[in-house]
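The structure appears below as C-alpha cells.
The values are calculated or read from the model by the stated rules, or taken from the named source; none is laboratory data. The structure presented is a predicted model; accordingly, all values stated were derived computationally and were not measured. So basically every Cβ, Gly included, is an ideal-geometry build from the backbone, and we count neighbours across all protein chains shown. Areas reflect the complete protein model, heavy atoms only, side chains present, ligands, DNA and RNA absent. Shrake-Rupley method; radii C 1.70, N 1.55, O 1.52, S 1.80 Å.
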Amino acid sequence: MEVYTVTVATGTSEYSGTNNYIFVTLVGEKGESERTLLDNPGLDFCRGAVDQYKVTSPSPLGSLLLVRLEKQRYWVEDNWFCRYVTVEPPAEDKVLTFPCYRWLIGDIKVEIREGTGKILGMQNQFLILFTKLWVTWAPGIPRCIDATTEADLPQDVRFDNEKRSDFEHSLHYLLTRMCVFDSEYCMEHWKEDRFFGYQCMNGSNPRMIKSCNKLPENFPVTSDMVQSSMAPRTNLDKELKAGNIYLLDYAIMDGIPTNTIKSKPQYIAAPLCLLYQHPDEGLIPIAIQLEQTPDHDTPIFLPRDPPLAWLLAKIWVRHSEFQVFQLLSHLLRTHLVIEVFCVATLRQLPAVHPIYKLLAPHLRYTLEINCRGRTQLISPNGIFKRVVSTGGDGLLILAQREYKVLTYRSLQPRNDFTDRGVYELPKYFYREHSLMLWDTIHSFVSGMVSLYYQSDHDVQEDLELQAWIRDITQEGYTELPNFGLPSKLNTREELSTLVSVAIFTSTAQHAATNNGQFDWCAWVPNTPCTMRHPPPTDKDAVTMEMIMATLPDVSQSCLQMAITWHLGRAQPDAIPLGQYTQEHFTEGEALELIERFRRELKDIEGHILNQNEGLELPYLFLLPSRIENSITI
C-alpha cells in the first residue's frame with residue numbers, strides 16, 4: 001500500500017471555507033488512488049486553513065498527472081474556495097504543488113494539474129472551464145463578456161465578499177451623504193498657468209499633449225498674439241522650430257451630443273490649446289480657441305486678456321479634459337482594452353499554460369468592475385447621465401470615435417512618446433516613470449517567455465496560444481482594420497510585447513489615469529464634469545457671475561467629488577504590482593524571475609521617492625507600491 005501526504009489550502013477571504021464533503025483522488029501515469037474523503041478530527045476546510053491528510057493507493061501511481069477534487073453537499077450547499085493542493089509521494093524527497101485558486105460550487109468534480117507551466121497543444125482543452133461568450137454591448141467599441149450584470153459572472157471572477165461590501169457601502173454612503181472633500185493644493189494653485197501646464201504632463205490624462213512644429217490651419221495664432229508670453233529675444237516661429245511648442249487638440253469632442261440634466265441642456269467645447277515650454281516658467285498655455293472652426297464668435301483667448309476671460313477659457317479646456325480622460329484614456333484605453341485580454345485568456349488558455357499563469361494576477365476583478373461600470377456608471381440611467389455633459393448618447397459616440405483610431409502601437413509607451421514627440425519635454429514624470437516600468441515589465445515577461453518557449457517555432461506551434469490571439473483580434477477588437485495587431489504570433493518578441501502591453505495597461509497605465517482623479521477633480525473648477533452655459537464669444541463680457549453660472553451646480557459638484565473619490569481612492573484589498581498572492585508558478589527558474597522583477601520594482605520605488613524629495617507637488621501615482629496588479633476599480 002502506497003501512502004501519499006496530501007495538503008489542502010482553503011481560501012483566506014470571507015466565506016471561503018465549507019462544511020460540505022470533500023473527496024480527493026490522485027491520478028498518475030500508472031493509475032488512480034482510492035477516492036478518499038478528507039476528514040480530520042474537528043473542523044476541516046475553515047477559512048485560511050491548511051489541512052493535511054493521508055491518501056492511499058494499492059500500487060505506485062508513477063508520475064502524478066493531476067488531482068481530482070470532488071465537493072458534495074452536506075445538509076446545505078456551501079461553496080468552497082480551494083487555493084492549492086500539495087502532494088508528497090512516498091519515499092520521495094519532493095513536494096508537488098497543484099494550484100487551484102477557484103471556487104467549487106454545488107456538487108462538482110474538478111481536475112487540477114501540477115503547477116509546472118505546460119504547452120501541450122489541444123490536449124489541454126478539457127481543462128478550460130470558462131464557457132462565457134463574447135457579446136457586443138454597443139457597436140463601435142471593444143466587445144465584452146456576455147454578462148448583463150455582475151451577477152451573471154462566474155464566481156471565480158467575482159469580487160470577494162470584503163471587496164464587494166466595501167465597494168457597495170462606500171458608493172452608497174457617498175451618493176447619499178454627498179460628503180465635502182478637501183484638495184488643498186489644487187484649490188490654491190488651479191488658476192496658475194504653470195499648474196495648468198503641469199497637469200497636461202502629469203495629470204489624469206498625460207497622453208494628450210503632443211509636440212507642434214507647425215500650427216494647425218484651423219488655429220490661426222500669430223506671433224504677435226503670444227509675444228508677451230515668450231522669453232526675451234525669441235518668438236513663436238523660433239520656438240516652433242526649436243521644438244518648444246506643444247498642442248492639446250480636442251477635435252474628438254466636436255459635434256458630440258450633449259446631455260440634459262434636470263431638464264436643462266449642458267454644453268461642451270472642442271478646444272485647441274497651444275503651450276510653450278518657457279525656460280523659466282516651465283510649460284504654460286499661451287493661446288486657447290474653444291471650437292475647431294475659427295470665426296468672429298470663436299476668439300483666441302490669450303494670457304494678456306482680461307483675467308476672468310483667460311481663466312474661463314482654461315476651465316473649458318479642463319472640462320474637455322474631464323470627458324476625454326474619464327471616457328477615453330481611462331474607460332476605453334484601460335478597462336475595455338483589458339477586458340478583451342480577460343475574456344480571451346479565460347476562454348482559450350488552460351490554467352497550466354504559462355501565459356495564463358503570467359496574466360491571471362493582472363486580470364483579477366476586472367470583469368466585475370467593468371460590468372458594474374456598464375450598469376452603474378455609463379448606462380442610460382447611470383451616474384454619468386446624472387452629472388456629466390457627455391452623459392447619455394454623447395459618451396458612446398465619443399468612445400466610438402476614439403476606438404476607430406485606436407492602434408496597438410499607441411498602447412506601447414515607447415512608441416507613444418515617440419509619435420507624440422514628447423521625449424524632450426522636461427519634468428514629464430509620467431513619461432519617465434512609465435518607461436522605467438515598461439522596461440522592467442518587458443524584461444520580466446521576456447524572461448518568462450524564453451523560459452517556456454525555446455524558439456520562435458515553439459510560439460508558432462502553440463495551438464492554444466494561436467487560438468488566444470485570434471480570439472483577441474477577431475472576436476474582441478472587431479471592426480479595427482488599422483489596429484495593427486496580427487491574428488498570429490510568429491516570434492517570442494511579438495508574444496513578449498503583447499503580454500507586456502496587457503500587464504502595463506492593467507497596472508501602470510490604469511494607475512496613471514485613475515489614481516489621481518480625486519486630486520485633480522475634487523476642486524471642481526479645476527476639472528468640471530459639465531458646463532451649464534455655452535462657451536464665451538466675447539472676452540470682455542466674462543464676469544465671475546458668468547463663470548459661476550457655467551460651472552456645475554452644488555449637487556453636480558458634490559456628485560463629482562464623491563465619484564472621483566470613490567474611483568480614485570486606494571483600494572483596501574489592493575495587491576501591488578509584482579506581488580502574487582496566488583502562486584501559479586512553481587518552478588524554481590520562474591520564481592527567480594519573479595524575485596528579480598520585485599527587486600527591480602523596489603529600485604524604481606527608491607528612485608521615484610528620491611526624485612520627489614523636496615518637490616512642492618510630488619508625482620507618486622506610479623510608485624510600484626501604489627500601482628495595483630490589476631484593474632479592480
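Between GLU162 and GLN454, the simple label model (points 7 Å from Cα in the Cβ direction) yields a spacing of 4.4 nm. The length gained by stretching the chain between GLN376 and THR148 to full extension, at 0.36 nm per residue less their Cα-Cα distance, is 80.9 nm. Dimensions of the range 510-633 based on its C-alpha atoms, expressed as ranges along the principal axes with the largest first, amount to 70, 31, 23 Å. Could you tell me the distance between the Cα centroids of the range 5-32 and the range 501-520, to the nearest Å? Going from one Cα centre to the other spans 37 Å. Sorting 458-464, 81-87 by their mean Cβ neighbour count within 10 Å, with the most densely packed peptide first, gives 81-87, 458-464.
If each DSSP helix of 4+ residues adds -39,500 (n - 2.57) and the sum is divided by the residues in the chain, what number results at 222 nm, nearest 500 deg cm²/dmol? Counting only the DSSP helices, I get -10500 deg cm²/dmol. Label-to-label distance, ARG414 versus TYR15, with points set 7 angstrom from Cα along the beta-carbon direction: 4.6 nm.
With a simple spin-label model that places each label point 7 Å from the Cα along the Cα-to-Cβ direction, the separation between TYR423 and GLU613 comes to 3.0 nm.
So how do TYR246, TYR21 rank on accessible area, 1.4 Å probe, biggest first, that is with the largest at the start? Can you show the working numbers first?
On the way: TYR246 5, TYR21 90 Å².
I get TYR21, TYR246, largest accessible area first.
Projecting the Cα atoms of LEU485, ALA574, ALA270 onto the charge dipole of the chain (Cβ charges, centred on the Cα centre) puts ALA270 farthest toward the positive pole.
Looking at the range 460-571, the accessible area is 34 square angstrom per residue; that uses a 1.4 Å probe and ignores ligands, DNA and RNA.
Treating only the Cβ atoms of Lys and Arg (+1) and Asp and Glu (-1) as charged, compute the dipole magnitude of the range 522-618 about its Cα centre; round to the nearest 20 debye. Walk me through the numbers before you get to the answer.
Values: 7 positive and 15 negative charges, 73 e Å.
With Lys and Arg at +1 and Asp and Glu at -1, about 360 debye.
Between the listed residues ASN19, CYS144, PHE98, the Cα displaced farthest toward the positive end of the dipole of the range 19-162, a dipole computed from Cβ unit charges relative to the Cα centre, is found at CYS144. With R₀ set to 45 Å, the beta-carbon distance separating MET187 from GLU493 gives a calculated FRET efficiency near 0.40.
Between THR537, ALA512, PHE621, the Cα set farthest toward the positive side of the dipole of the range 510-633 (charges on each charged residue's Cβ, about the Cα centre) is that of THR537.
Largest first and in whole Å, the equivalent-ellipsoid semi-axes of the chain read 51, 26, 21, each the square root of five times a Cα gyration tensor eigenvalue.
For the range 1-125, the C-alpha radius of gyration divided by 2.2 N^0.38 Å, with N the number of residues, is 1.04.
With 0.36 nm allotted per residue and the present C-alpha distance subtracted, the ASP393-GLN579 stretch has 63.0 nm of extension available. Here the gap between ALA570 and SER63, fully extended at 0.36 nm per residue and compared with their Cα-Cα distance, gives a gain of 178.0 nm. Normalised size of the range 301-419, defined as Cα radius of gyration per 2.2 N^0.38 Å with N residues, equals 1.38. Kindly state, to the nearest 0.05, the FRET efficiency for CYS46 paired with ARG596, given R0 = 30 Å and r defined as their beta-carbon distance. So the FRET efficiency works out to roughly 0.25. Applying 1/(1 + (r/R0)^6) with R0 = 30 Å to the Cβ-Cβ distance of ASP224 and THR260 gives a FRET efficiency near 0.10.
Alpha-carbon geometry of the range 285-359: the Rg and the Dmax are 22.0, 65 Å, given in that order. Charge dipole (Cα centre; +1 on Lys/Arg Cβ, -1 on Asp/Glu Cβ; no other charges) of the range 1-85 amounts to roughly 100 debye. Each Lys and Arg Cβ is given +1 and each Asp and Glu Cβ -1; about its Cα centre, the chain then shows a dipole of about 880 debye. Within the accessible area of the chain, the carbon and sulfur atoms contribute 51%, probe 1.4 Å, all protein chains present.
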